[in-house]
Amino acid sequence: VSINKFNTHIIPTRFEYHTPTTITDAVELLKKYENNKILAGGTDLIPKMKQRLLEPRHLINLKKIPELRGIEEKGDKIHIGALTKLREIERSKIIQKKLPLLHDCIRSIGSVQIRNMGTIGGNVCNASPAADGALGLIALDAITHIVGLNLEKEVKIDKLFMGPGHTILSPSELVSNFTVRIPEEGSGGCFISVGRTSLDISTISIAVQMTVKRSRIQVCRVALGSVAPTPLRLPDVEEHLTDRKVTNVLIETAAEMASDGIKPITDIRGTAEYRKQAAIGMAKEAITTAWEKAKEAER
Amino acid sequence: MSKVSEFTVLGKDTRRQDGIAKVTGREVFSSDISLPRMLHARVLKSPYPHAHVKSIDSSKIKDLDVVVLTPGEVPDIKFCPRLVSTPDSTYKDWKVLTDKPRYVGEAIGAVAADSEEEAQRALELLEVEYEPLSAVFDAEEAMKKQAIPIHDEIILDEETLKVKNNIGCQVEIEEGDSKKGFEESDIIVERTYRTNRRYHNQLECKSVVVRPEPNGGITVWSTTQTLHNTRILLHEIFGIPMGKIRVIKVPLGGSFGSSIQVNPVVPIAVALALKSKRPVKLSYTREEDLHDHCSYQMIFRLKLGASKEGKLTSGHLDAILDIGGHQIQAYPLLGCVVGWWVSLYKLPHKSYMGKAVYTNKVPSCAFRGYGNPQITWAVETLMDELAEKLGIDPLDFRLKNYIGEGDLFWGQGPSVKSIIQSCGVEEILTRGAEMVDWYNRPKAASQRGRYRRGIGMGRGYHTSSAGAPVPGTVIDFGGAFLKLNEDGTFDYITALMDHGGGTIDAHAKIIAEELCVPLDNINVVNADTGTTVYDVCTHASRGIYSGGGAALKVAMQVKEKLRDFAGKMLDGYPHALKFRRDMERGQGVVYAEGIEGREVTFKEIAYNARHKNWGTIAAVDSYRQPSCPPHFTGYFVEVEVDTWTGKVRPVQVVAGADIGTVINPKLAAGQIHGGFAQGWSMTVNEDTPYMPKEGDLWNHGFIADYKIPTTKDMPPLEDFQVFFANTYEPTGPFGAKGIGEGALNPVAGTVANAIQNAIGVRFYDLPITKDMILSALKEKEDTQ
């Protein structure tokens, strides 16, 4: 990008701004204007437009569609509207109580100001490998609800990402909400992220969620951020831990496997070697903490 | 000696005059100013780190309502944007717009239009033909024979100089015989250090509004630390008579030294305003600002020798300064680097070679401490290593060697020498040591386990101005104007800029103290170059010592006039009258002690003076301070290293400062908190690396990838203790010295020493990132 174009102050390009009030209208607009971008919270989109990484001709603002926003507990599931503000999720008693892992992930995103603006749908659909919210949803095995013109579909969230900034969504589709099954009794999770300062995009992050029955790991999900082109789930590590009783040796080997399983690059936030090495300690801590919390909950 | 107890206003926390405007957002900064018919400007920047601009084609925008400015349309004058030194120390290599850019981001043109967006669109339609040149991004590489010359000719005091090996200037000094000194040393340690290149990240990006006036003059509102030098430079470049250039004082949204020089936006906006005959505003975006200025990266080869009794015997320092594409104050800095170094500890023999080297990077300028944080980091690291080798406690080693009261001091360089008259080093070090239980700190690298804690100490100082008994190469004087209003209050006017630290409030307190009036009666008037006498610049932590010294000088003159007028009114002898503050009446009072009824308020004096046509009581004067007293600081810091992630966090901080009389305790402590945060970040975080292929900053100027710490990265307030030494500077206003830069200078050395105490590894490069810590720990583990 040219130094004479990029900045974080001015959007000199012209675009049309649309504010639909129903999902149907929104989807129709998305279909009608292919060169579009969805505006949810704008905390990623607007800087990207100023940086000229994106120059959409049409901006579809979804903020005026009430059904896209809110947190609801239905049976054994929790539904989170894609336009729900990150701060709303962070402060939700339901999330704090039923999905503490997601709460921890969300709280780690940006600053209070960012979380007041940013949405969970935006955090996910921006498809950053460093997205803390996405990482939490992956570890919780969330389902993504996608709506298009005369189309509705569900995908597991870890299947949503194609690469940095790219999802499987077509330009005429949007994410309406996420569904997370409430973890069973005896579950625990842990999220850790390391950045350059406390207010930073993760250099590397990890989320682990597990369910323990009779002192054995029954279900386990391990996901790492900023270590690959997409948020990365590590089935090998999960499999290694599943149906096992946790010992120091098991954790050590799982941590080594996690480090071997990631494909980090060197960027301005940290070196590839750093990420490989830090992954070991972070995986150890995350697995141990999730295990301890799950055991605590089992009692 | 302390006089704190006698003061009525000094030493007490008082409300800032600009506080309400700032916290309510009503303060107007230069980037807030908007004028009728004002144009908005955008700058055309070089995408190449080194190139010739062959042509700028603006035919695509000729039908638009846009003003374009190209290098051929600006005065063909080479200048230096910083005018703090005498001409024989001021190297000139800048132009308003260049046709030979020397770093990515250098201004090669500009446009102005009715809105910023229109200007930006026009900018994108300009077609520039470049001839790219090879570029060099490392100071050591730049000095090699095969390196491309960045400047062929530069100007010093009207004389043209040829630049050889990209060395912009150099300084060599030897006192005693360092070679002999090393021969006589029992122990010698030599290390090479490399600092980071930090961006100031001041809140307000560089900004200016220029209005052309009907008389051919201009009015300027800009981000600056010096009104008068801005006017002088614009006069030199554009030839406008100085009386027709009015530079208005506007609050500065932070600076940290980045507006000691006249910022490049200022002359560009002046040229656009003169061409368009309309007011022009030019505010840099954060990304442009990050391509505008940064600190000096320094490479040191430092060698120190000591006797086995623990006395330093000899020292040698080679300093290579990476100054980027232009000189701002490289030559004076070379003098300061050696000054900072030799004024820390007594060295019977010392030698120095300093070179300032051009590279194709953003030009470096002063950044809080002006090279002092860099060299103090190296010295304080090496002092620890020497102490370790000598088997002496590092604190005791420092106490044996520090430069203190009665010693010669030349921190501001070889031409600014004076004798230290107040020193709290010993008090800072012994009291701080007690507070952290220094002598029981962990043995280096004695810990196992994931989290390892360590305690480190470091000390330093900075000057309070660049004063001295005789003139040197640094200009340093200020001035003030004070007058009694008809209601007994005062208007105070100074050209000195407040960067946001509350400097001018300190002046008001000094005046209130001297005149025995309530602080509220001192009204600070914002002024301009036409209504103030010269002040060089707010830098060198001189705001209180120099600026406050000028305020005190005029207050004393006003006091004499008050005495005379009161003498007439009271039928008393002026020299026998006394002053007191009367809070009930909200007035200063002059009275004859012991004689009932013989007293008069300032308001009554002013009333009488007006109706009897005696005139206004006022004083205006310049003030040159006689000395350059260092303010001393010392830090004790406990850190915790996470050996799994390489992250290090500050656990507790104890900071002691000798600033003479403390004028505003909370603001002074605030300087220390801020200085620590900035120093912490310098140690473990900040840098502006380049991508050699593109020649641009790796972060492209985005602060999302230039992180500075937040309060969450600092220790809780209860674990951050600040104390002030009980000292009094005889040459300072009411015994006061500076604090701004000393608050930062020793931090990097202290933190690095604490990290070493925790994990047993010394680092010779800044910043000490989590990546470096983890990799060093792994290496250590692998070799064990």
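B:Y284 fulfils the conditions (1) within 19 Å of the chain's Cα centre (by Cα); (2) within 14 Å of chain A (Cβ to nearest Cβ) except for a single criterion, (1). Selection of first residues in the range A:1-15 that are within 7 Å of chain B (Cβ to nearest Cβ) and within 18 Å of A:R57 (Cα to Cα) and of second residues that are crowded, with 17+ Cβ neighbours inside 10 Å and β-branched (V, I, T), restricted to Cβ pairs under 8 Å at least 6 apart or on distinct chains, gives the following pairs, ordered by first then second residue: A:I10/B:T285.
Can you name the residue in the range B:287-299 that is of a type in the set (A, V, I, L, M, F, W, C) and either within 14 Å of chain A (Cβ to nearest Cβ) or surrounded by fewer than 24 Cβ atoms within 10 Å (Cβ to Cβ) (or both) and, of all such residues, is nearest to B:I218 (Cα to Cα)? Break it down stepwise before answering.
At the first step, the residues of the range B:287-299 found to be of a type in the set (A, V, I, L, M, F, W, C) are B:290, B:294, B:298-299.
From the residues that got through so far, the ones that are either within 14 Å of chain A (Cβ to nearest Cβ) or surrounded by fewer than 24 Cβ atoms within 10 Å (Cβ to Cβ) (or both) too are B:290, B:299.
Values: B:L290: 28, B:I299: 43 Å.
Here the residue is B:L290.
Against the conditions (1) within 29 Å of A:A297 (Cβ to Cβ); (2) away from every other protein chain (no Cβ under 14 Å); (3) at pLDDT 95 or above, A:E185 satisfies every one except (3). For the range B:465-492, a residue qualifies if it is among the small types (G, A, S), in a loop (DSSP other than H, G, I, E, B) and within 20 Å of B:I260 (Cα to Cα), and the qualifying residues are B:S465, B:A466, B:G467, B:G472. Restricting the range A:248-274 to residues that are more than 9 Å from chain B (Cβ to nearest Cβ), crowded, with 19+ Cβ neighbours inside 10 Å and not aliphatic (A, V, I, L, M) leaves a set whose member that is nearest to B:N685 (Cα to Cα) is A:P264.
Okay, residues lined up against (1) basic (K, R); (2) more than 11 Å from chain A (Cβ to nearest Cβ); (3) not in a loop (DSSP other than H, G, I, E, B):
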position: B:E718; (1), (2), (3): no, yes, yes
position: B:F723; (1), (2), (3): no, yes, yes
position: B:R762; (1), (2), (3): yes, yes, no
position: B:M772; (1), (2), (3): no, no, yes
position: B:K778; (1), (2), (3): yes, no, yes
position: B:D782; (1), (2), (3): no, yes, yes
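Summed over the range A:275-299, the residues that are surrounded by fewer than 18 Cβ atoms within 10 Å (Cβ to Cβ), farther than 20 Å from A:E185 by Cβ and among the acidic types (D, E) give a count of 0.
Looking only at the range B:142-157, residues that are surrounded by fewer than 17 Cβ atoms within 10 Å (Cβ to Cβ) and free of Cβ contacts under 8 Å to residues at least 60 places away in the same chain come to 6 in all.
With respect to the stated conditions, B:E174 fails to be out of contact with any His (no Cβ under 8 Å at 6 or more places or on another chain), modelled with pLDDT under 95 and surrounded by fewer than 21 Cβ atoms within 10 Å (Cβ to Cβ).
Can you tell me which residue is farthest from the other protein chains (Cβ to nearest Cβ) among those in the range A:27-42 that are within 12 Å of A:H58 (Cα to Cα) and touching a strand residue (DSSP E or B) at 6+ places or on another chain (Cβ under 7 Å)? Spell out how you get there, then give the answer.
Of the range A:27-42, the ones within 12 Å of A:H58 (Cα to Cα) are A:29-39.
Imposing the further condition that a residue be touching a strand residue (DSSP E or B) at 6+ places or on another chain (Cβ under 7 Å) reduces the set to A:29-30, A:33, A:35-39.
Numbers: A:L29: 25, A:L30: 27, A:Y33: 22, A:N35: 19, A:N36: 21, A:K37: 19, A:I38: 22, A:L39: 19 Å.
This residue is A:L30.
Residues in the range A:165-175 include at least one that is over 24 Å from B:K712 (Cβ atoms), out of contact with any helix residue (DSSP H, G or I) (no Cβ under 9 Å at 6 or more places or on another chain) and in a strand (DSSP E or B). Of the residues that sit in the range B:402-417 and are buried (at least 17 other Cβ atoms within 10 Å of the Cβ) and either of a type in the set (S, T, Y) or over 26 Å from the mean Cα position of the chain (by Cα) (or both), which one is farthest from B:A725 (Cα to Cα)? The residue in question is B:S415.
When A:E67 is tested against the conditions (1) crowded, with 21+ Cβ neighbours inside 10 Å; (2) over 30 Å from A:G186 (Cα atoms), the lone failure is (1). Among the strands (runs of 3 or more DSSP E) contained in the range B:1-116, which hold 3 or more residues that are buried (at least 16 other Cβ atoms within 10 Å of the Cβ), within 14 Å of another protein chain (Cβ to nearest Cβ) and among the small types (G, A, S)? The strands (runs of 3 or more DSSP E) meeting that bar are B:107-113. For B:S255, the test of being within 19 Å of B:F79 (Cα to Cα), polar (S, T, N, Q) and under 22 Å from the mean Cα position of the chain (by Cα) is failed. Counting only strands (runs of 3 or more DSSP E) that sit completely within the range B:585-686, those holding 3 or more residues that are in contact with a strand residue (DSSP E or B) (Cβ under 8 Å, 6 or more places away or on another chain) and among the β-branched types (V, I, T) correspond to B:630-642, B:648-658. Residue check: A:T21 meets all listed conditions (1) within 14 Å of chain B (Cβ to nearest Cβ); (2) farther than 25 Å from A:G133 by Cα; (3) not basic (K, R) but one, namely (1).
Table: residues versus (1) at pLDDT 95 or above; (2) surrounded by 24 or more Cβ atoms within 10 Å (Cβ to Cβ); (3) β-branched (V, I, T).
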| site | (1), (2), (3) |
| --- | --- |
| B:I320 | yes, no, yes |
| B:G325 | yes, yes, no |
| B:G339 | yes, yes, no |
| B:K355 | yes, no, no |
| B:C365 | yes, yes, no |
| B:E380 | yes, yes, no |
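Residues that are under 27 Å from A:T167 (Cα atoms), of a type in the set (A, V, I, L, M) and in a helix (DSSP H, G or I) do occur in the range A:265-280.
Within the option set B:P373, B:P332, being touching a Ser or Thr at 6+ places or on another chain (Cβ under 6 Å) and farther than 29 Å from B:Y48 by Cβ holds for one residue only, B:P332.
When B:V262, B:V210, B:V189, B:V250 are checked against the criterion of being surrounded by 24 or more Cβ atoms within 10 Å (Cβ to Cβ), farther than 21 Å from B:G501 by Cα and not hydroxyl-bearing (S, T, Y), B:V210 stands alone in meeting it.
Answer with yes or no whether B:A51 is of a type outside the set (S, T, N, Q) and in contact with a Phe, Trp or Tyr (Cβ under 6 Å, 6 or more places away or on another chain).
Numbers: of a type outside the set (S, T, N, Q): yes; in contact with a Phe, Trp or Tyr (Cβ under 6 Å, 6 or more places away or on another chain): yes.
Yes; evaluated as a whole, the condition is true for this residue.
None of B:A619, B:A555, B:A609 is modelled with pLDDT of 95 or more, of a type in the set (A, V, I, L, M) and more than 23 Å from B:Q17 (Cβ to Cβ) except B:A609.
When residues in the range B:691-702 are screened for being touching a Ser or Thr at 6+ places or on another chain (Cβ under 9 Å) and either more than 8 Å from chain A (Cβ to nearest Cβ) or buried (at least 24 other Cβ atoms within 10 Å of the Cβ) (or both), 2 of them pass.
Among the residues of the range B:523-534, is any within 24 Å of B:A366 (Cα to Cα), out of contact with any Leu (no Cβ under 8 Å at 6 or more places or on another chain) and surrounded by fewer than 18 Cβ atoms within 10 Å (Cβ to Cβ)? Working first, answer last.
So in the range B:523-534, the residues within 24 Å of B:A366 (Cα to Cα) come out as B:529, B:534.
Then keep just the ones that are out of contact with any Leu (no Cβ under 8 Å at 6 or more places or on another chain); that gives B:534.
Add one more test, that the residue is surrounded by fewer than 18 Cβ atoms within 10 Å (Cβ to Cβ), and what stays is B:534.
Yes, there is a match, as at least one residue in the range B:523-534 is within 24 Å of B:A366 (Cα to Cα), out of contact with any Leu (no Cβ under 8 Å at 6 or more places or on another chain) and surrounded by fewer than 18 Cβ atoms within 10 Å (Cβ to Cβ).
Within the range A:157-195, the only residue that satisfies the criterion of being on the phi > 0 side of the Ramachandran plot and crowded, with 20+ Cβ neighbours inside 10 Å is A:G186. Of the residues examined, B:E513 is one that is farther than 16 Å from B:S622 by Cβ, modelled with pLDDT of 95 or more and in a helix (DSSP H, G or I).
The values are calculated or read from the model by the stated rules, or taken from the named source; none is laboratory data. Fair warning: this is a prediction, and the values are worked out from it, not measured in the lab. With ideal geometry, Cβ positions are generated from the backbone for all residues, glycine too; neighbour counts draw on all protein chains shown.
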